[in-house]
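In what follows, a single structure is set out as C-alpha cells and then discussed.
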Amino acid sequence: MSAPLKPSEIQKARELIASASRIVITTHKSPDGDAIGSSLALWNLLRAAGKHAVVIVPDELPEFLKWMHGAKEIMVHQRARQETEKRIAESDLVFMLDYNHLSRTGALEPVLREHKAPFILIDHHRQPEEFPAVVYSDTAQCSTAQMIYKFMVWMDWKQHLDRHSGECIYCGIMTDSGSFRFPSVTPETHHIVAHLVEHGVDHAYVHRMVHDNNREERIRLIGYALGHKLEVMDDCSTAIISLSEEELQRFNHQPGDTEGLVNQALSISHVNLAAFFRESGEEVRVSFRSKGSFDVNRLARESWNGGGHFNASGGSTREKLDEALTRFRREIRLQANQIRQS
Ligand SMILES: [Mn+2]
C-alpha cells in the first residue's frame, strides 16, 4: 500500500539526522542496483548536507555497480569484520535501506540487533520490522531509490541533488523497475527521473555502465545456462534454470553475474513462473519471478525461507541442489492450474 511518511515522522527523522554525528547506512546481502543506488544516493546527500556517513554492506557488491560516486568508500563486512563492526558500534544513527528485516543482512544481523542507536528504515518490501524509530515502508514504490528521492524532498535537501546523487537514484529506479517496464512504475516515477535528468544525470551513461559492462566470461555463463540448463515444464507454464557451484566456477563466476538470468526464463511467452537455483556454499539460493496473478512472495515465504514482492521474490534452502529441484517440481505440479491461468 502507498504510505508516505506522516509529518510527525518526517520531523522525527529530521531530528535524528540533525543530532547524529556518525551515521551508518546498511543494505541487504548480495546487494543489487537498488540496494547500492539508494545507499550511495543517501550517502551523497548526507555528505552534501554536511553529515558524516559510511555505507556498510554485508558482502561484495557486483562490478557493474562500482562506477557510482562513493562506491570506492563502501565498507564490506565480509572483508573487514572488525572495522565495520567498530563503525557500527560507534554510530549514533543507522539506516536500513532496501530490506525489511535484519535477517536480510546475514552475518551483520547480530551486530545490528544489539546496537542501541536509533534506526531509520526505508524500504518497499512487505512486512517491515517494527523496531526502528522511523519506518518508511511503502510496497507501492517501484524501488527504494525512488523513496530516497521523496525522503530527500521531505528532509529539505533538494538543493543538494546533483549529478552524483542523481545517478545513484536513477540507477536504483532503473534496475528495480526492469528499465521502467514493471507495473510498479507510475507517472510519479517518470516525473522523478525527468527531474534527475534536468539535474545533470546522463541516462545513457547509467544504462551503459550497468548493461554494457560485461566480462566475456559472464556472457558465456549466461549462454551456457540458457543453452544447457533451461528446463521448461510446459504443463505448468514454468521454467527453471539451475547452476551448481562447479558450473559457476567453470566460468569464473563473480557477484552479480547471474543477475537478470531468471527474467530471461520468464520472457518465454507461455511461461508464467520462472525459478533460478544457484548453489552457494552450504546452501542453495533461489529467485522467483512471475507474470500476472501468481504470488511468488507467498511461495518464497511458505516453503523457501524467503520473501519479497508479489511478482519477484527469493529464498534459500540447506537442501542439496538436486533435492531442492525435486521438491520444487513437486510443489509446482500441485499448483499447475493456478500458474497456467495466472
Ligand atoms: Mn529494491
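The values are calculated or read from the model by the stated rules, or taken from the named source; none is laboratory data. Owing to the predicted nature of the structure, the values given are computational and were not obtained by experimental measurement. Ideal geometry is used to build each Cβ from the backbone, glycine not excepted, and the neighbour counts take in all protein chains shown.
Things worth noting here:
This table checks each residue for (1) at pLDDT below 95; (2) surrounded by 14 or more Cβ atoms within 10 Å (Cβ to Cβ).
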position	(1), (2)
1	yes, no
15	no, no
18	no, no
36	no, yes
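- Hits in segment 159-175 (condition: in a helix (DSSP H, G or I) and either touching a Pro at 6+ places or on another chain (Cβ under 7 Å) or surrounded by 23 or more Cβ atoms within 10 Å (Cβ to Cβ) (or both)): 165, 166, 167, 168, 169, 170, 171, 172, 173, 174, 175
- Among the residues of segment 273-285, those identified as of a type outside the set (A, V, I, L, M) and either crowded, with 24+ Cβ neighbours inside 10 Å or within 18 Å of residue 258 (Cβ to Cβ) (or both) are 276, 277, 278, 279, 280, 281, 283, 285.
- For segment 286-342, the set of residues classified as closer than 23 Å to residue 256 by Cα, free of Cβ contacts under 8 Å to residues at least 24 places away in the same chain and of a type in the set (Val, Ile, Thr) consists of 296 only.
- Meets criteria (closer than 27 Å to residue 276 by Cβ, modelled with pLDDT of 95 or more and not polar (S, T, N, Q)) for residue 163: no
- Any pair with Cβ under 6 angstrom, 6 or more apart, that starts in segment 122-150 at a residue that is in contact (Cβ under 8 Å) with a residue 40 or more places away in the chain and within 11 Å of the ligand (Cβ to nearest atom) and ends at one that is of a type in the set (Ser, Thr, Tyr) and part of a strand (DSSP E or B): 122/136
- Taking segment 189-289 as the region of interest, the helices (runs of 4 or more DSSP H) fully inside it that hold 2 or more residues being under 24 Å from residue 177 (Cβ atoms) are 203-211, 216-228, 261-266.
- Residue tally, condition within 14 Å of the ligand (Cβ to nearest atom) and either under 15 Å from residue 149 (Cα atoms) or hydrophobic (A, V, I, L, M, F, W, C) (or both), over segment 1-39: 6
- Among the residues of segment 218-251, just one is touching a residue at least 40 places away in the same chain (Cβ under 8 Å) and charged (D, E, K, R), namely 235.
- Considering the conditions (1) surrounded by 17 or more Cβ atoms within 10 Å (Cβ to Cβ); (2) more than 16 Å from the ligand (Cβ to nearest atom); (3) not in a helix (DSSP H, G or I), residue 95 is excluded by exactly one of them, (2).
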